[in-house]
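Since the structure comes first, as structure tokens, the remarks are kept for the end.
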Amino acid sequence: MRHFLSALVLTAIAFALPGPVPPAQAQTDDEPVSQCLAIARSLPRVMFASAMASPLETDAHGDVTITFAGHSTYRIDTPAGVTIATDFSGVYGHTPTPRVITMNRAHSTHYTLNPDPAIEVVLPGWDNTDPRGADHDVVVDDVYVRNVTTDIRRWDSSGLTANQNSIFIFETAGLCIGHLGHLHHRLTEDHFAQIGRLDVLMVPVDGGLTMAHDGMAEITTRLRSSIVLPMHLRGNSVNRFIALMGEEWAVDFLDGDAITVNVRDLPERPTIMVPASLARRG
């Protein structure tokens, strides 16, 4: 990770919106230690910078609730009561007001230029002032949020704009939870190394606006998360994605839109869990 930026600076960079530095952000001079990079450290040809621990108020055995709100927005509720809304546009997952939001910029349905001032921590997945993209290392109570940048397609050509999407990783209660955002291309070994272990993975399954199903299935298989949560549905694309994943994966069509996850109770067989409202659309 390159540096630490306060929510004030991050918001000003992305939107030119003023605002107070949120006290809950608990930024420190020391970079937090990621608990999700242990597997990645065994990869060859990958260099890791040393990091000093920053205190994280976490219950290693607590429950985390993850709720599908709509489109690419999931709400994550940590044991300490921190609520995070992913790919937040203000349409889904806004009630009650989350403390933390992440956003991506491929489409307007994945971000807002006018986040509610009551939202304490706003994390854009891009940074127009730095070609290396956004770089987040944020601790809020019992959750550590970091990002890994990827590229997005330019809609007027076949080219890519570098580092304009972020894969966000949320580390809380001993769990590693990842959200791929609006991913447009296959991941490199460096990407996988930066991501590390993911127990829960949120995957866009539209099959075209992000990536074709075979590419997304390849990434999902490589990450081998215990729980996969589909999002960004188009038509019956969730069924096509499930078919590509094969019999190695269990499939659970949920009765509702929320799951409760505990690091001690992860499924032994990797499982695709389809929220009820998403399944009805598919």
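The values are calculated or read from the model by the stated rules, or taken from the named source; none is laboratory data. Predicted model only: the values in this text are computed from it and were never measured. Here Cβ is always computed from backbone atoms with ideal geometry, including for glycine, and neighbour counts include all displayed protein chains.
I'm trying to understand the selection: among the residues of the range 241-255, which are farther than 17 Å from Ala276 by Cα, of a type outside the set (A, V, I, L, M) and surrounded by 15 or more Cβ atoms within 10 Å (Cβ to Cβ)?
Trp249, the sole residue that qualifies.
Restricting to the range 74-104, give me the number of residues that are closer than 18 Å to Leu233 by Cα, among the β-branched types (Val, Ile, Thr) and without any contact (Cβ under 8 Å) to a residue 40 or more places away in the chain.
Total meeting the criteria: 1.
Quick check on my filter: what residues within the range 212-225 are part of a loop (DSSP other than H, G, I, E, B) and buried (at least 19 other Cβ atoms within 10 Å of the Cβ)?
Taking the range 212-225 first, the residues part of a loop (DSSP other than H, G, I, E, B) are 212, 224-225.
Within the range 212-225, just Ser225 meets the criteria.
Select from the range 255-274 the residues that are within 16 Å of Ser226 (Cα to Cα) and not in a strand (DSSP E or B) and list them in ascending order.
Within the range 255-274, Asn262, Val263, Arg264, Asp265, Leu266, Pro267, Glu268, Arg269, Pro270 qualify.
Name the residue that is farthest from Ala258 (Cα to Cα), counting only residues in the range 90-112 that are at pLDDT 85 or above, of a type in the set (Ser, Thr, Tyr) and assigned to a loop (DSSP other than H, G, I, E, B). Please lay out each step first, then the result.
We begin by selecting, within the range 90-112, every residue at pLDDT 85 or above; these are 94-103, 112.
With the extra rule that they be of a type in the set (Ser, Thr, Tyr), the set shrinks to 95, 97, 102, 112.
Restricting the remaining residues to those that are assigned to a loop (DSSP other than H, G, I, E, B) gives 95, 97, 112.
Numbers: Thr95: 15, Thr97: 17, Thr112: 24 Å.
Here the answer is Thr112.
Only one of these conditions is not met by Ser277: (1) within 22 Å of Arg75 (Cβ to Cβ); (2) touching a strand residue (DSSP E or B) at 6+ places or on another chain (Cβ under 6 Å). Which number is it?
Of the numbered conditions (1) within 22 Å of Arg75 (Cβ to Cβ); (2) touching a strand residue (DSSP E or B) at 6+ places or on another chain (Cβ under 6 Å), the odd one out for Ser277 is (2).
From the list Pro131, Pro115, which one is in a loop (DSSP other than H, G, I, E, B), modelled with pLDDT of 90 or more, out of contact with any Asp or Glu (no Cβ under 9 Å at 6 or more places or on another chain) and more than 21 Å from Met216 (Cβ to Cβ)?
Details: Pro131 fails: modelled with pLDDT of 90 or more.
Going through Pro131, Pro115 in turn, the sole match is Pro115.
Give the residues of the range 44-78 that are buried (at least 17 other Cβ atoms within 10 Å of the Cβ), at pLDDT 90 or above and not in a loop (DSSP other than H, G, I, E, B), sorted by residue number.
Val64, Ile66, Thr67, Phe68, Ala69, Thr73, Tyr74, Arg75, Ile76, Asp77 - these are the residues of the range 44-78 that are buried (at least 17 other Cβ atoms within 10 Å of the Cβ), at pLDDT 90 or above and not in a loop (DSSP other than H, G, I, E, B).
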